[in-house]
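What follows is a short report on a single structure.
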Amino acid sequence: MNSNNSPLIQAVLVVEDEPAIREMLANMLEDFPVAITSVATADEGFLELYRQPWALLITDVQTPGRTNGIELASAARKHQPEIEVIVMSGYHNALGLPLPPNVSFLAKPWSLDDLYALVEVYLAK
C-alpha cells in the first residue's frame, strides 16, 4: 500500500506476458500517482480484478492461460463500469473478438508517447 499523503493515488492493473513490456509499462506508470499491480496473464488479472477497485486496466489480448485480455476487459467493465480500459495487441483482429464498449485499443507496436497520453487522459478523469 502506498503511504503517499495524496488522495489522488489510483490503482492500475497491468496484464502483459512479456516481462520487458510489463516492466516498461510499470516504469512509465511511475510518472503518475498510482499504485501498480502487474501480472503476466489474463487468468491472474481475473484474480486481481475482484480484490479492489481499479482506476485503469491495461491488458494485452493474448496471454498464456485459459482466458484472454478481451474477456478480462469485458469482465472488468461489467464488474466496475467506471473502470478505464486499454487493450493492446498485435493479434486482436486474428481473434475476431469485438472490443467491449468504451474500451481503447492500441495496436502493437504502439508508441510509448501515444500510450502515455491515453493513460494521462484516463487518470485525470
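In the set (1) 13.6, 41; (2) 13.4, 45; (3) 15.2, 45, the label that goes with Rg and Dmax of the Cα atoms in Å computed for this structure is (2). Whole-Hz Karplus values for segment 43-60 come out as 4, 5, x, 4, 4, 6, 3, 8, 7, 6, x, 10, 7, 8, 10, 10, 9, 6 Hz, taken residue by residue from phi with 6.51 cos²θ - 1.76 cosθ + 1.60 and θ = phi - 60°; glycine and proline positions read x. Descending by average beta-carbon neighbour count within 10 Å, the peptides 9-16, 31-38, 107-114 line up as 9-16, 31-38, 107-114, the highest first.
Based on Cα contacts under 8 Å between residues 6+ apart, the chain shows a relative contact order of 22 percent.
Taken together, the values in this text are just the output of simple stated rules run on the coordinates, not laboratory data. The model shown is predicted, which means the values in this text are computed figures rather than measured ones. Backbone-built Cβ (ideal geometry, glycine too); neighbour counts: all protein chains shown.
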